[in-house]
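Inspection log for the structure reproduced underneath, given as structure tokens.
The values are calculated or read from the model by the stated rules, or taken from the named source; none is laboratory data. It should be emphasised that the depicted structure is a prediction, and the values quoted were computed from it without experimental measurement. Neighbour counts run over all protein chains shown; Cβ positions are idealised from the backbone, glycine included. Quick note on the areas: whole protein, heavy atoms, side chains included, nothing else; ligands and nucleic acids left out. Shrake-Rupley method; radii C 1.70, N 1.55, O 1.52, S 1.80 Å.
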Amino acid sequence: MCRAGAALLVALSAAVQVAQAQAPGAGTVRSRALLARAESLWTQLGVRDSASHQRTYRERRARRFDAGPLTVLLPGSVGAETGLRVASGAAGYLGGTIPSEFVSSRVVVVAFAATGVDSVLRVEGLGARNRVMADVAPRPDTLADGWVVAAVLARNYVETLDSAWRNWLPPDLAFGWTLRRDGPAAVRDLMRGDTRAGADCLAGDATGCRLWLGLDGDASPYLVRYGAEGLRRLIAGRYFASSNARGLAHECSAGSDDACVRLASLGFLPATPAGFAPRSSVVGFVRARNRPAALARAFADVTGSVGDRLARASGLPEDSLVKEWRIWLLTGGGQPRVTADLRDALPVVVFGGLLLLAAARSGRWR
């Protein structure tokens with residue numbers, strides 16, 4: 001019941017009490033009339049409130065939208081055209097990267113905007129599908145929310161993969177990653193050179209790239225990928241709250257490689273030196289070079305390291321894969337160098353000659 005209706009009822013009740021107190025005889029008739037009026041208004045307000053709730057429920061009642069194997073439940077208020085655009089946009093991000101069998105076994109539910117989800121799932125025959133919950137505004141942005149739907153489905157898919165993929169992959173499978181917009185962040189990460197492996201990779205060493213990206217299944221990832229001195233340098237001068245960590249830091253600084261590794265493995269450093277931006281760029285490179293089907297094959301592969309799986313799926317040896325990735329990333333997609341013929345270069349040659357002639361005539365050059 002709305003606040004206005006409650007306030008009205010309180011006011012009328014007070015009026016009834018006042019009338020009764022002022023004139024016991026005539027006041028009784030007056031109070032009964034006021035009370036009847038109050039009850040009538042209360043009933044009308046209840047009917048209006050119920051109708052409003054029913055209208056809101058109908059507007060927000062979950063509605064099914066399909067795009068290929070993907071099924072999304074959105075509030076009906078978004079409209080058919082918008083709902084289809086959100087579903088098709090999400091399907092475009094998926095693009096064959098996630099197996100269609102997995103996609104068709106799920107239904108993405110917009111939990112915070114849609115109502116009547118259970119009944120809709122039952123009526124639509126979707127009760128056996130696993131629900132994947134997403135948070136989309138009541139008025140979806142057809143571009144951003146298509147990515148949201150694809151991203152939550154990607155996270156659900158990553159959780160089904162083995163530990164090698166779960167520990168390495170970006171949670172959203174780099175859906176929507178573009179070289180133009182996101183490539184610079186990966187380049188900055190590579191150019192920081194805060195680890196020896198990263199510096200070697202920047203210089204063109206394939207082994208350094210594999211170590212920096214964490215592509216190999218190293219038994220001691222911190223020691224192999226960072227190196228004892230690299231760990232010691234990253235740990236030096238940092239403050240650690242726990243006494244155990246402070247003790248390990250002291251032992252590490254004193255020369256204990258084992259203490260450096262143990263401290264790093266407490267969560268101080270990630271097992272893979274490269275962050276999610278460079279790792280996303282590797283996924284983006286394989287997607288751009290070999291199409292999404294190659295990624296689907298790699299994700300389904302459970303043999304060997306992440307690098308082994310990506311190499312098999314792309315049809316390249318692992319060293320060749322990382323070398324091509326590095327060039328692709330640093331050159332903005334392998335764009336050809338700018339070239340010019342003799343006619344274009346002639347003005348530059350003439351201008352350079354004039355500068356040399358002027359320099360030769362200068363007293364400083366004699």
- Could you please tell me which pairs satisfy a Cβ distance under 8 Å, a separation of 6+ or placement on different chains, a first residue in the stretch 214-228 that is farther than 21 Å from Val282 by Cα, and a second residue that is among the basic types (Lys, Arg) and open to solvent by 40 Å² or more (accessible area, probe 1.4 Å)? Gly227/Arg196
- Item | Cross-chain or 6+ apart pairs with Cβ under 7 Å, the stretch 311-322 first and within 14 Å of Leu295 (Cα to Cα), then among the aromatic types (Phe, Trp, Tyr) and open to solvent by 30 Å² or more (accessible area, probe 1.4 Å) | none
- Sort out which residues of the stretch 153-168 are open to solvent by less than 30 Å² (accessible area, probe 1.4 Å) and in a helix (DSSP H, G or I), and write them in order of number. Leu153, Ala154, Tyr157, Val158, Trp165, Trp168
- Task: Considering each of Ser100, Ser77, Ser104 in turn, give the residue that is open to solvent by 40 Å² or more (accessible area, probe 1.4 Å) and modelled with pLDDT of 95 or more.
- Result: Ser104
- If you take just the helices (runs of 4 or more DSSP H) that sit entirely in the stretch 303-366, which of them hold at least 2 residues that are modelled with pLDDT of 50 or more and not hydroxyl-bearing (Ser, Thr, Tyr)? 306-314, 318-330
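Matching residues to (1) within 20 Å of Glu318 (Cα to Cα); (2) of a type in the set (Phe, Trp, Tyr); (3) in contact with a Cys (Cβ under 9 Å, 6 or more places away or on another chain):
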residue	(1), (2), (3)
Arg155	no, no, no
Val158	no, no, no
Pro171	no, no, no
Trp177	no, yes, no
Arg180	no, no, no
Ala185	no, no, no
Ala199	yes, no, no
Gly204	yes, no, no
Gly208	yes, no, yes
- Note on the structure: Within the stretch 269-309, residues more than 22 Å from Tyr93 (Cα to Cα), of a type in the set (Ser, Thr, Tyr) and in contact (Cβ under 8 Å) with a residue 24 or more places away in the chain come out as Thr272, Ser305
- Message: When you scan the stretch 266-278, do you find a residue that is under 25 Å from Leu179 (Cβ atoms), part of a loop (DSSP other than H, G, I, E, B), modelled with pLDDT of 95 or more and among the hydrophobic types (A, V, I, L, M, F, W, C), even just one?
- Response: yes
- Query: For Arg262, are the conditions met, namely being more than 30 Å from Leu179 (Cβ to Cβ), out of contact with any Phe, Trp or Tyr (no Cβ under 7 Å at 6 or more places or on another chain), modelled with pLDDT of 95 or more and part of a helix (DSSP H, G or I)?
  - Reply: yes
